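A.B. asks: Just passing along the structure, written as C-alpha cells.
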Amino acid sequence: MKIVLKNLTKVFTNKKTQSEVRAVDNLDIEIPDGTLVGLLGPSGCGKSTTLFMISGLQTPTSGQIFFGDSDVTKLAPEKRGIGLVFQNYALYPHMTVRKNIMFPLENMKVSKKEANDRVLAAATLVQLEELLDRKPNELSGGQQQRVAIARAMVKNPNVLLLDEPLSNLDARLRLQTREEIKRIQRETGVTTIFVTHDQEEAMSISDFIVVMKEGVVQQIDVPQKVYDDPANLFVAKFLGTPPINTFVGEIKNHKVYINNEAVMDTEFEDQEIYVGIRPEGFVLDPKGLFTCELKQLEVMGRDVSIISTNPACEKPSIRTIVDADLKIPENGIVKFNLKPNKVFLFNKETEIRLGREVPIVEEVETPNEQVEEENSSPAE
C-alpha cells in the first residue's frame, strides 16, 4: 500500500498560555508500496506525531493522508487497515501468547477456526509458534516484542507502524529483533514505517530514511546516500558512530583552511564555513597538512581510535579511526591528510552543505525497481 502525506501539519496549543507548538510542519512524503521506511530524528522532532497521524490516533491540523488512492485523513483508526506496535509491548499479562495475538480478531468477529489459523500463521511468522501457551512474564523482552508484532500482523494490515519498538531491549536483543523486523517485512511485503531516534537501527533495516528536525524534513534518501551526501550540518552530525568531527574554517583562494592550515583544495569561493570530517576520513601522514595534538589512543580490535585536539574543533576532542597495523605516535603531535569524500563543507550561516543547494527529497528507488534494474543490466 502506497502512502502519501500532503502538506501534513500538526500544531499543539497550550490551553493556558495559548502558545503554539508546530510538531509537524508541512510534511510532503511519498512512501512506495512494499517499502520499509525509517522516520529518524532526536526526541521532539515530530516523528511519533507523524506516525500517530498516519494511524489515525491524532488528527492533523491541516494536510492530507492517502493510502493508495484513498484519502484516509478523517478515517477512524480501525478502518485504516493498519497494524500498530508500541515500544512498551502493551501485552495483557493475564492472557497467553495465543490470546494476546487473537485479541484483535475477537473485536473483528472473525470465526474461531479462521482466528486460530491466523494466530498460528502470525506466530509462525515471528517464530513463536512453540510458545503460544505461555504468559508474557515467561518470555524475554525480545519475545514479548515479537508477540506485539504478531498481534499487529494477525489483522493482515495494509500498513505496519512501529513506534520505537526496540528502545526497551538490551543491545543483543535489539540487534536480533531488528533483524526479525526486516525479515518479517520482506516476507510479507507490507508497507512499514519504523520510528526511531537510533540512527544505527534506521540505517540497518530501512529501504530509505526520513531525517526530521523540529517537525521539518531535513533529508530523504537511502541510508548510505544520506550518510555519504548529507544535505546540511544537522544531518551530518546526526548520522554516524562515532559522530562527525566539526571545525570552524574558511575558504581562501580555493583552499580550505582549518586553524590557519590549508588542508585541501576546493572549487568553492571565499567564505566562512564549517568543516565536517568523518572519523574514517583521516589518513596518518608525518608530512600531513592537518596538525592535531594527541591526547589518547583507544585500541578496538582491528581499529585504533586516536583522540586528539585542535583549536578549531567545535568539541573538546577529535575522534579519528585508523588501522591498528599503522605506526601511531604515542604522544605529541599527529599529522593527517584528509580523504576528500569524507570531508563536507557547510555555509556558516545557513548550515547547508556547499554544492547541495537542491531539494532535500531525492527520487528514491523502491526495492522492486532496484531488482528490475539489476536484472536488466548487461552481462559482463
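A.B. asks: Mind checking which residues of region 1-29 are without any contact (Cβ under 8 Å) to a residue 12 or more places away in the chain and either part of a loop (DSSP other than H, G, I, E, B) or surrounded by 15 or more Cβ atoms within 10 Å (Cβ to Cβ) (or both)? If you could, list the steps in order and put the result at the bottom.
C.D. replies: So in region 1-29, the residues without any contact (Cβ under 8 Å) to a residue 12 or more places away in the chain come out as 12-21.
The answer is N14, K15, K16, T17, Q18, S19.
A.B. asks: Mind listing whichever residues of region 301-335 are over 30 Å from the mean Cα position of the chain (by Cα) and of a type in the set (K, R)?
C.D. replies: Those that are over 30 Å from the mean Cα position of the chain (by Cα) and of a type in the set (K, R): K327, K335.
A.B. asks: State whether the residues of region 314-325 include one that is under 29 Å from E214 (Cβ atoms) and assigned to a strand (DSSP E or B). Working first, answer last.
C.D. replies: If we filter region 314-325 for residues that are under 29 Å from E214 (Cβ atoms), which is where we start, we get 314-319.
Going one step further and asking which of them are assigned to a strand (DSSP E or B), we end up with 318-319.
Yes, the conditions are met somewhere in region 314-325.
A.B. asks: Now for a separate question. For the condition in contact with a strand residue (DSSP E or B) (Cβ under 8 Å, 6 or more places away or on another chain) and of a type in the set (G, A, S), what is the one hit in A121, A148?
C.D. replies: A148
A.B. asks: Check off (1) in contact (Cβ under 8 Å) with a residue 24 or more places away in the chain; (2) within 30 Å of N26 (Cα to Cα) for V226 and give me the number that stays unchecked.
C.D. replies: Just one mismatch for V226, condition (1).
A.B. asks: Tell me whether region 44-60 contains one or more residues that are more than 14 Å from V216 (Cα to Cα) and basic (K, R).
C.D. replies: no
A.B. asks: Then there's this: Identify all residues within region 48-59 that are among the aliphatic types (A, V, I, L, M) and open to solvent by 40 Å² or more (accessible area, probe 1.4 Å); write none if there are none.
C.D. replies: L57
A.B. asks: Does R174 qualify as being touching an Asp or Glu at 6+ places or on another chain (Cβ under 8 Å), assigned to a helix (DSSP H, G or I) and basic (K, R)?
C.D. replies: Yes: the conditions hold for R174.
A.B. asks: The conditions are (1) out of contact with any Phe, Trp or Tyr (no Cβ under 7 Å at 6 or more places or on another chain); (2) under 18 Å from K315 (Cα atoms); (3) free of Cβ contacts under 8 Å to residues at least 60 places away in the same chain, and R278 fails exactly one of them. Which is it?
C.D. replies: Every listed condition holds for R278 apart from (3).
A.B. asks: Can I ask one more? Just a yes or no: is a residue in region 30-44 in a strand (DSSP E or B), touching a residue at least 40 places away in the same chain (Cβ under 8 Å) and small (G, A, S)?
C.D. replies: Pass one, region 30-44, residues in a strand (DSSP E or B): 30-31, 36-40.
Now drop any that are not touching a residue at least 40 places away in the same chain (Cβ under 8 Å), which leaves 31, 36-40.
Add one more test, that the residue is small (G, A, S), and what stays is 38.
Yes, region 30-44 contains a residue that is in a strand (DSSP E or B), touching a residue at least 40 places away in the same chain (Cβ under 8 Å) and small (G, A, S).
A.B. asks: Moving to a separate point now. Go through region 45-59 and count every residue that is part of a helix (DSSP H, G or I) and not aliphatic (A, V, I, L, M).
C.D. replies: The total comes to 6.
A.B. asks: Follow-up question, since we're still on this one. Does E179 qualify as being over 11 Å from the mean Cα position of the chain (by Cα) and surrounded by fewer than 21 Cβ atoms within 10 Å (Cβ to Cβ)?
C.D. replies: yes
A.B. asks: Hey, among the residues in region 298-347 that are over 29 Å from V226 (Cα atoms) and at pLDDT below 90, which one's surrounded by the most Cβ atoms within 10 Å (Cβ to Cβ)?
C.D. replies: It comes out as I328.
The values are calculated or read from the model by the stated rules, or taken from the named source; none is laboratory data. This structure is a prediction, so every number in the text was calculated from the model and none was measured. Methodologically, a virtual Cβ is constructed for each residue, glycine included, from the backbone with ideal geometry; neighbour enumeration extends over all protein chains shown. Protein only, heavy atoms only, side chains kept; ligands, DNA and RNA dropped before computing areas. Shrake-Rupley method; radii C 1.70, N 1.55, O 1.52, S 1.80 Å.
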